[in-house]
1. Among the residues in the stretch 1-10, are any at pLDDT 95 or above, hydrophobic (A, V, I, L, M, F, W, C) and open to solvent by less than 90 Å² (accessible area, probe 1.4 Å)?
2. Taking THR23, is it modelled with pLDDT of 95 or more and in contact with a helix residue (DSSP H, G or I) (Cβ under 8 Å, 6 or more places away or on another chain)?
3. What are the residues in the stretch 30-58 that are open to solvent by 70 Å² or more (accessible area, probe 1.4 Å) and hydroxyl-bearing (Ser, Thr, Tyr), if any?
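The values are calculated or read from the model by the stated rules, or taken from the named source; none is laboratory data. Since the model is a prediction, treat every value here as computed from it, not as a measurement. Cβ atoms come from the backbone with ideal geometry, glycine included; neighbour counts cover every protein chain shown. For accessibility, only protein heavy atoms count, side chains too; no ligands or nucleic acids. Shrake-Rupley method; radii C 1.70, N 1.55, O 1.52, S 1.80 Å.
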Amino acid sequence: MARTKKVTITLPVELLESMKSHTDNVSGYLTELAERAERRRLLREELDRYQGEFGAFSDAEMAEARALLHGTEEAERAA
């Protein structure tokens, strides 16, 4: 199990109530959201590094990536 540390955060009441309406583990919910955000940040940094070294992705590469991530229908809409 991962080490944890208790922290205090301040949230708008409406947001907290909304979260509580679909989870009984707000801490776990926020942890999952933070982990997703961190993965996106790290991926963005890696993509920026790659493009800095090898150049921007072509339209064809972007369409292929969209197809892999979202299915071919999404890639066709973007084209």
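1. Checked against the condition, which is being at pLDDT 95 or above, hydrophobic (A, V, I, L, M, F, W, C) and open to solvent by less than 90 Å² (accessible area, probe 1.4 Å), the stretch 1-10 yields no hits at all.
2. On the way: modelled with pLDDT of 95 or more: yes; in contact with a helix residue (DSSP H, G or I) (Cβ under 8 Å, 6 or more places away or on another chain): yes.
Yes.
3. Passing the criteria: only TYR50.
Matching residues to (1) of a type in the set (Gly, Ala, Ser); (2) in a helix (DSSP H, G or I); (3) without any contact (Cβ under 8 Å) to a residue 60 or more places away in the chain:
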{"residue": "LEU11", "(1), (2), (3)": "no, no, yes"}
{"residue": "GLU14", "(1), (2), (3)": "no, yes, yes"}
{"residue": "ASP24", "(1), (2), (3)": "no, no, yes"}
{"residue": "SER27", "(1), (2), (3)": "yes, yes, yes"}
{"residue": "GLU46", "(1), (2), (3)": "no, yes, yes"}
{"residue": "ARG49", "(1), (2), (3)": "no, yes, yes"}
{"residue": "GLU53", "(1), (2), (3)": "no, yes, yes"}
